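S.K.: One structure, as structure tokens, below. Some questions next.
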Amino acid sequence: MTSTLRALKRKPAKGVARRTVTFTMPPFYEGWEATAYADFKAGTVADLTSGELDRVLRALDKVVISHNFPDADDDSLIAASFTDVDMDALNVVVDTMLDAIAKLPKR
């Protein structure tokens, strides 16, 4: 009887774990690699593709979990945030990340 009550009192799982995707940048940015969340809200996609620098930077800082992108001012350092990454690379980062996410199998 007690085990039945315990089974009834169990809380459901919080949900499905978030998926991630690891992607490497094209040859011009050879060696650049990042891991990002693959599941995020449509508003984040809108921010990433908006073309507005501040929105893109905020979205990338939320979505990208880790990266080895060099600091634009000092190549020997890893950029602390996307505001420190070479601005010309940002569109390539977004495109490469979204392509990698699109290639993931459906859940």
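S.K.: Can you give the accessible area per residue of the chain, in Å², using a 1.4 Å probe?
M.R.: Using a 1.4 Å probe on heavy atoms only, each residue of the chain averages 70 Å².
S.K.: What do you get for trypsin sites (Lys or Arg not before Pro) in region 24-102 restricted to DSSP loop and a cutoff of at most 13 other Cβ within 10 Å of the site's Cβ?
M.R.: Lys41
S.K.: Helix-derived [θ] at 222 nm for the chain: sum -39500 (n - 2.57) over DSSP H runs of at least 4, divide by residue count, nearest 500?
M.R.: -10500 deg cm²/dmol
S.K.: Something else now. Say R0 is 25 Å: what FRET efficiency, to the nearest 0.05, do Lys103 and Ala17 get from their beta-carbon distance?
M.R.: Efficiency, rounded to the nearest 0.05: 0.80.
S.K.: Given a cut-off of 23 Å, what percent of all Cα-Cα pairs of the chain lie beyond it? Before the final figure, lay out each step's value.
M.R.: Numbers: 2049 of 5671 pairs.
Considering the chain, 36 percent of its Cα-Cα pairs are separated by more than 23 Å.
S.K.: Here's something else I'd like to know. Could you work out the per residue convex hull volume over the alpha carbons of region 56-101, in cubic angstrom?
M.R.: Taking the convex hull of the Cα positions in region 56-101, it is 71 Å³ per residue.
S.K.: Still on this model: Dipole magnitude of the chain about its Cα centre, charges +1 at Lys/Arg Cβ and -1 at Asp/Glu Cβ only, in debye to the nearest 20? All intermediate terms of the calculation are to be shown ahead of the outcome.
M.R.: Details: 14 positive and 16 negative charges, 376 e Å.
My answer is approximately 1800 debye.
S.K.: Is any residue of region 43-59 close enough, with backbone N under 16 Å, to a label point placed 7 angstrom from the Cα of Met87 along the Cα-Cβ axis, and if so, which?
M.R.: Backbone N within reach: 51-58.
S.K.: A follow-up question, please. Let me know the charge dipole size of region 24-70 about its Cα centre in debye, to the nearest 20, where only the beta-carbon of Lys, Arg (+1) and Asp, Glu (-1) is charged.
M.R.: Working: 4 positive and 7 negative charges, 30 e Å.
In total the dipole reaches around 140 debye.
S.K.: How high is the relative contact order of the chain? Use alpha-carbon pairs under 8 Å, at least six apart in sequence, and give a whole percent.
M.R.: Answer for the chain is 23 percent.
The values are calculated or read from the model by the stated rules, or taken from the named source; none is laboratory data. All values derive from a computational prediction rather than experimental measurement. We place every Cβ from the backbone using ideal geometry, glycine too, and count neighbours over all the protein chains shown. Protein only, heavy atoms only, side chains kept; ligands, DNA and RNA dropped before computing areas. Shrake-Rupley method; radii C 1.70, N 1.55, O 1.52, S 1.80 Å.
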